[in-house]
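None of the figures in this text is laboratory data; all of them are computed from the coordinates on show. Note that the structure is predicted; figures quoted are calculated from it, not measured. Glycine gets a Cβ as well: all are built from the backbone with ideal geometry, and neighbour counts include every protein chain shown.
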Amino acid sequence: MIRVMTGMVFACLLAGTASARGEEGANWLVPLGSAVSHTAHICQLKDGATMEDIVRIDERLHETLRDRSVTGLRQIVTPLFAVNAGYDYLAFMWSTWEEFGDLWNWITGTPEGQAMAHAWDDYESCEAVVSSVFPLLRQAAQEVSGPQVATAEWCTRKDGISQEQLGAKHRSIADANRENPLVAWWGVGYPQGGARTGAFPGEFFHLVTYRDMAAYARAKQAIADGGWRERGDYYSAYADCTGEHVLSVQNVFRGNGR
């Protein structure tokens, strides 16, 4: 499980999108700093199954989500640079916690929901975890419809660092990067259900989204040219982290409220 979860993000990865009025005139699921639910299905394809099979079934799911006026965001995430990822792909669903509850009541409490939940059984084996993710930074670049690049990294607070101190550090990093054109989205997530203590290689995870691989490359060049100092301060004083997995993210469903 640790190998599997190391590759998990945010995608974009990462999102926090749709109904509260947000910056730059966009609609977002929640304001910056508020919790959005993030459900991650971590999946391995079964004998001979392909992503084309998954896309076909996903289309039925997306039609159902549209019929139910779901306002969230769904993403398909595949590893690019991720040693020992342990999965073929990830499916992310972002929604408000209220909508998460309504959707899962339908899934678990109706014949139609149960049929939808088991539609993939012949094609893949999946585990699932749900987290609270707190969006801290987002730019208009997140609005692109094509594939994006994201990084996921698990971290644990250092001894003596309180949650309040960690949160203040995260907010200061976000404030310093408000005008950074390279980072499309950044959030910090905390697992809420689906895994016991020790199943994750950390207490919380960072999800960072970039518009494309060129933006990711420029961001890493900026770190090499001196940005490593601020990053080094975070690693030395605030948290121990596992290192980043690099992921490809495709938005496959955007709800009516987006």
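For the residues 164, 127, what sequence is obtained by ranking on other C-beta atoms within 10 Å, fewest first? Let's see the in-between values first.
On the way: 164 8, 127 16.
Fewest-to-most ranking of 164, 127: 164, 127.
Quick one: angle between helix 97-109 and the longest Cα principal axis of the chain, in degrees between 0 and 90, rounded to 10, please.
The angle comes out at about 30 degrees.
Using a Gaussian network for the chain with springs between C-alpha atoms less than 10 Å apart, which of these wobbles most: 234, 190, 210?
Largest GNM mean-square fluctuation: 234.
Rounded to the nearest Å, what's the spacing between the alpha carbon centres of region 182-230 and region 31-65? Just the number, please.
21
Can you list the aspartates and glutamates whose alpha carbon sits under 17 Å from that of residue 158, skipping same-chain ones fewer than 8 residues off?
203, 230, 233, 240
How far apart, in nm, are the 7 Å Cα→Cβ label points at residue 176 and residue 203?
Result for the modelled spin labels: 2.1 nm.
Which of rounded, prolate or oblate describes region 65-137 when judged by the alpha-carbon gyration tensor and an a/c cut-off of 1.5? Can you show the working numbers first?
Details: a/c = 2.28, a/b = 1.24, b/c = 1.83.
Because a/c hits 1.5 or more and a/b fails to exceed b/c, region 65-137 counts as oblate.
For the chain, set up a GNM with springs between Cα atoms under 10 Å and report which of 192, 114, 44 has the largest fluctuation.
Of 192, 114, 44, the most mobile in the Gaussian network model is 114.
So how tilted is helix 213-222 from the main axis of the chain? Cα-based, degrees 0 to 90, rounded to 10.
In the chain, helix 213-222 runs at an angle near 20 degrees to the longest axis.
Can you tell me how region 50-174 classifies by the Cα gyration tensor, rounded, prolate or oblate, using a/c under 1.5 as the rounded cut? Walk me through the numbers before you get to the answer.
Values: a/c = 1.84, a/b = 1.58, b/c = 1.17.
Note, shape of region 50-174 comes out prolate.
If the chain between residue 57 and residue 156 were fully stretched, how many nm would it gain, using 0.36 nm times the residue separation less the Cα-Cα distance? Could the numbers behind the result be given before it?
Working: separation 99, 0.36 × 99 = 35.64 nm, distance 3.70 nm.
Separation in residues times 0.36 nm, less the Cα-Cα distance, equals 31.9 nm.
Taking a ≥ b ≥ c as the square roots of the Cα gyration tensor eigenvalues, with a/c under 1.5 meaning rounded and otherwise prolate when a/b beats b/c, else oblate, which class fits region 201-258?
Details: a/c = 2.64, a/b = 1.51, b/c = 1.75.
Verdict is oblate for region 201-258.
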